[in-house]
Amino acid sequence: MNTDFSFAVSRRGFLAAAAGAAVSASLGPARAFAGDERQIKVAPGQARLASASSPATAVWAYNGTVPGPTLRLRQRQPVRITVENGLDEDTTVHWHGIRLPNAMDGVPGLTQKPIKPGARFVYEFTPPDAGTFWFHPHANSLVQLGRGLAGALIIEEAEPVALDRDLLWLLQDWRLSSDDQIAGGFGSAMDASMSGRVGNLVTINGMAPGDQNVSAGERVRLRLANASLARMMALRFEGHRPVVVAIDGQPCEPHEPEDGRLVLAPAMRIDIVLDMQGDPGSRHAVIDDFYDGLAYTLTTFAYDKAPPLRAHPLDAPVGLPRNPLPTPDLASAMRQEIVVQGGMMGGGKLAGVGGMMGMGMPGMSGGAAWAINGMSMTGDGHVGMAPQFMLKRGASCHLTMRNETAWWHPMHIHGFSMLVLSRNGAPVSHRQWQDTVLLAPKDVIECAFVADNPGDWMLHCHVADHQMAGLMTVFRVT
Ligand code: C2O
Ligand code: CU
Ligand code: CU
C-alpha cells in the first residue's frame, strides 16, 4: 500500500475527528458510524396540494416531497443526517424540540455557518427523548417554511406502546393564489404586525384531507404537529374523547383537554390516544374552530362497516414512559423574565416598540414590529446575536413570560423543554413539558427548566412573521 495514501487517509480521519460531527462530506470517505444514517436533499419541487388532480404547485421540498420524509429514529441511538442544499440560497436544518448539542441546532450565524447552495452539512446527535418532533429550516424561515420545507421527526420509544395504529398528521397551512401557486408578499407589514401569514389551504401530510378511514374499536395514537407559519388550530373530534398523552413530544399525565378542544399553535405537537368508539359505517367531523366565526371541517373520520375489533376499549394504560428530563429546583432557580411587546393595536398604531432598537417602518422590509424586553432582534439566525441573559450550566431557571400585546404568540425555546408551572397565576396540571408555549393576549406564564446544555440558544415566537419582525432573543448557558 502506498504510504502517502495511508497518510492521507489517517490525516483525513484526524481532520474529521478534529472537526467533530460537523465534518463536511467533501473531506473524503465517511468514517464508520454506528448509528442510523439519513440523507436529505433540499431542492425546488412540485406538489399537488388540493387534490391528486389539481395543478402542481411549485414548492421547496426535502427529498422531493411536502412534507419531507418522516424520519423515524430511535431514542438513545446516534444518528447522522447529511443535508445537501439544492436551493439557490443558504439554508440550515433545525431539529425542533430535540435536546441536542448546540453545534447541531441549525441556527445560522449562531450555532453553525449557513449551508451554502450546493454545499452539505452533517448533523449528528443522539436523541435523548422519545416523542413527536419535527424539522425545518432556520434560514429565511418565513419563506422556506412557507414554501413547504418541513418534516416530522419521530423518536420511537425503546419499548413499543400497546396500540393498534400510530398515525401522524403533519398540518401545514398554505397561502395559494388563484393559479394554485404560493402567493408572494412574504413578510408584508400587515402580516408582520398582526396575526402573521395565515393561509387559505390546510393540508394533512401534504394533501387537502379527504376522509380518514378508521375501524370501530381500534385504539389509535394520533400525532398532531402544526407546521404552519402562523395558523393556530383548535381541533374538536366530534363523537370522540381524545386523551392527551404527550405535548411537544414530552409525555404528560394522560388527560382529556378542556372543552375537548386541542389547541395547537404553530410548531406545537400533541399526541393523543383515540379509542374509536363510533358505530361501523358512521362519520364524525374533525373541526378546527380556533378563529371566531371561521370554523371549518378539517377532515372526517369514516368508519368502515366491519363489526368492532373489540367490545370494550383496550384496558392497557394509555400513558407513555417518561423521558429523562432533569427536574428544576424552584427554590434555587434563577429568575428571568421575558416581556413580549409590540404589534398592532386598534387604529393601526404599534404598541410599545416606539423608539426601540432596530425600529424601521413597522414590519416593512425587515423592520421591527415586536420586541422582547424592549429589544427587537429581527430576521432569522445571523452573526452577532448577543445573549439577553446568561445561565450557569446546571442551574435551574424560572422563566416568566409576559405577553403585553393583543396577539397570540407560541414562544419556543431551543435546546430545552420547559415544565409549565402556571398560567395567569393558576397552576398548570398534568406535568406538561413544552418547548413551545402558547401565550394568549395578556397571558403571564411561568415555566422552569434546568440549564444543563451549554451554548447560545434561541428563544422566539414561532409565528414566522413575528420572529422575523423582532420577536426573538438569545440566551447563553456557560
Ligand atoms: Cu422550530 Cu427556532 O424553531
Ligand atoms: Cu426549535
Ligand atoms: Cu408571535
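Quick one: is Arg76 charged (D, E, K, R), touching a residue at least 12 places away in the same chain (Cβ under 8 Å) and part of a strand (DSSP E or B)? Against the criterion (charged (D, E, K, R), touching a residue at least 12 places away in the same chain (Cβ under 8 Å) and part of a strand (DSSP E or B)), Arg76 does not qualify.
I'd like to check something: does region 453-464 contain any residue that is buried (at least 24 other Cβ atoms within 10 Å of the Cβ), within 12 Å of ligand 3 (Cβ to nearest atom) and part of a helix (DSSP H, G or I)? Scanning region 453-464, I find at least one residue that is buried (at least 24 other Cβ atoms within 10 Å of the Cβ), within 12 Å of ligand 3 (Cβ to nearest atom) and part of a helix (DSSP H, G or I), so the answer is yes.
Residues are listed down the side, and each one gets a yes or a no for (1) acidic (Asp, Glu); (2) surrounded by 23 or more Cβ atoms within 10 Å (Cβ to Cβ); (3) within 16 Å of ligand 1 (Cβ to nearest atom); (4) part of a strand (DSSP E or B):
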{"site": "Cys397", "(1), (2), (3), (4)": "no, no, no, yes"}
{"site": "Thr405", "(1), (2), (3), (4)": "no, yes, no, no"}
{"site": "Pro441", "(1), (2), (3), (4)": "no, no, no, no"}
{"site": "His466", "(1), (2), (3), (4)": "no, yes, yes, no"}
{"site": "Gly470", "(1), (2), (3), (4)": "no, yes, yes, no"}
{"site": "Val474", "(1), (2), (3), (4)": "no, no, yes, yes"}
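Of all the listed residues (Phe416, Phe449), the sole one being in a loop (DSSP other than H, G, I, E, B), in contact with a strand residue (DSSP E or B) (Cβ under 7 Å, 6 or more places away or on another chain) and either of a type in the set (Gly, Ala, Ser) or within 15 Å of ligand 2 (Cβ to nearest atom) (or both) is Phe416. For the criterion of being within 15 Å of ligand 1 (Cβ to nearest atom), within 24 Å of Asp275 (Cβ to Cβ) and buried (at least 20 other Cβ atoms within 10 Å of the Cβ), Ala139 fails.
For region 420-437, the count of residues that are part of a strand (DSSP E or B) and within 13 Å of ligand 3 (Cβ to nearest atom) is at least one. Identification of strands (runs of 3 or more DSSP E) wholly contained in region 180-238 with 2 or more residues that are in contact with a Phe, Trp or Tyr (Cβ under 9 Å, 6 or more places away or on another chain) and of a type in the set (Phe, Trp, Tyr) yields no element. Screening region 157-215 for residues that are of a type in the set (S, T, N, Q) and in contact with a Leu (Cβ under 9 Å, 6 or more places away or on another chain) and picking the one that is surrounded by the fewest Cβ atoms within 10 Å (Cβ to Cβ) gives Asn200. Among residues of region 387-411 that are within 13 Å of ligand 3 (Cβ to nearest atom), those with a Cβ under 6 angstrom from a residue that is of a type in the set (Asp, Glu), sequence gap 6+ or separate chain, pair up as Asn403/Asp443.
Bear in mind these aren't lab numbers, they're just calculated from the coordinates by the rules spelled out. No experiment lies behind these values; they were computed from the predicted model shown. Reconstructed Cβ throughout: ideal geometry from the backbone, glycine too, with neighbour counts over all protein chains shown.
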